[in-house]
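> To start, I am sharing the structure in question, which I have written as structure tokens.
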Amino acid sequence: MQTLLTLLSTLLWWVLYGSIVALAASLIAWPVLRWSERANVVFNRVYLACLLWSLLGLLLVALVAAHEGQLKPPYGPLLASPTFRVALVADMFAGALLLWRLIPRTDARRIRPTSACMAVAAVMAVAFGVATSLAG
């Protein structure tokens, strides 16, 4: 029973942290997409795409951290590991794919793949800056 409650608690915290990360990512990606598309994009779809992307990204980071044995601070060696870098590239590819496939413009056309890549790059630049400042 304790194992079941632990797994349920972990799942709830994963979704909570994922939605917090998704909100921050969507607040960065939405203006970038509006600027690069020169059209309005639907914010709730940006949030949905960022939520799925953040849940996948948090899962990837947790799996790589468990594989590397870096589950507790300092996280500097984790950021320098080649496995983590491969996971970041896979995460960025998945993020661009999710944003491109899930986000329509208000004229019901899908955003361009280049706009999705630019939004992912902006989000990852901010996230990597925050991560390196916290890893200290």
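> Given the condition in contact (Cβ under 8 Å) with a residue 24 or more places away in the chain and under 17 Å from ALA122 (Cα atoms), answer yes or no: does some residue in the stretch 56-64 qualify?
yes
> Just to be sure, is ALA29 open to solvent by less than 70 Å² (accessible area, probe 1.4 Å), in contact (Cβ under 8 Å) with a residue 60 or more places away in the chain and touching an Asp or Glu at 6+ places or on another chain (Cβ under 9 Å)? I'd like the intermediate steps shown before the answer.
Numbers: open to solvent by less than 70 Å² (accessible area, probe 1.4 Å): yes; in contact (Cβ under 8 Å) with a residue 60 or more places away in the chain: yes; touching an Asp or Glu at 6+ places or on another chain (Cβ under 9 Å): no.
So ALA29 fails the test.
> State which residue is least open to solvent (accessible area, probe 1.4 Å) when the search covers only the stretch 92-115 and only residues that are free of Cβ contacts under 8 Å to residues at least 40 places away in the same chain and small (Gly, Ala, Ser).
ALA96
> Identify, please: which residue in the stretch 32-42 is open to solvent by 70 Å² or more (accessible area, probe 1.4 Å) and at pLDDT 95 or above and is, among those, farthest from LEU102 (Cα to Cα)?
TRP35
> Test each condition in (1) over 12 Å from the mean Cα position of the chain (by Cα); (2) of a type outside the set (S, T, N, Q); (3) surrounded by fewer than 13 Cβ atoms within 10 Å (Cβ to Cβ) for ALA131 and report the one that comes out false.
ALA131 satisfies every listed condition except (3).
> While we're looking at this one, here's another question. Pull out all pairs, ordered by first then second residue, where Cβ-Cβ is under 8 Å, the residues are six or more apart or on different chains, the first lies in the stretch 77-90 and is surrounded by 13 or more Cβ atoms within 10 Å (Cβ to Cβ), and the second is modelled with pLDDT under 90 and of a type outside the set (Gly, Ala, Ser).
What qualifies is LEU78/GLN70; LEU79/THR132; SER81/GLN70; PHE84/LEU78.
> Hey, another quick one. Need the failing condition index for VAL123 against (1) at pLDDT below 90; (2) surrounded by 19 or more Cβ atoms within 10 Å (Cβ to Cβ), just the number.
(1)
> Moving on to the next point. Take the residues of the stretch 44-69 that are of a type in the set (A, V, I, L, M, F, W, C) and either touching a Cys at 6+ places or on another chain (Cβ under 8 Å) or surrounded by fewer than 16 Cβ atoms within 10 Å (Cβ to Cβ) (or both): which is farthest from ILE103 (Cα to Cα)? Quick ask: steps written out before the conclusion?
Taking the stretch 44-69 first, the residues of a type in the set (A, V, I, L, M, F, W, C) are 46, 48-53, 55-56, 58-66.
So of that shortlist, the ones also either touching a Cys at 6+ places or on another chain (Cβ under 8 Å) or surrounded by fewer than 16 Cβ atoms within 10 Å (Cβ to Cβ) (or both) come out as 59, 62-63, 66.
Details: LEU59: 22, ALA62: 27, LEU63: 28, ALA66: 32 Å.
Result: ALA66.
> Test THR10 against the criterion of being of a type in the set (Val, Ile, Thr) and open to solvent by 90 Å² or more (accessible area, probe 1.4 Å), and give yes or no.
Values: of a type in the set (Val, Ile, Thr): yes; open to solvent by 90 Å² or more (accessible area, probe 1.4 Å): no.
So THR10 fails the test.
The values are calculated or read from the model by the stated rules, or taken from the named source; none is laboratory data. It should be emphasised that the depicted structure is a prediction, and the values quoted were computed from it without experimental measurement. As a convention, Cβ positions derive from the backbone with ideal geometry for all residues, glycine included, and neighbour counts pool all protein chains shown. For the accessible areas, the whole protein counts, side chains as well, though only heavy atoms, and no ligand, DNA or RNA atoms are used. Shrake-Rupley method; radii C 1.70, N 1.55, O 1.52, S 1.80 Å.
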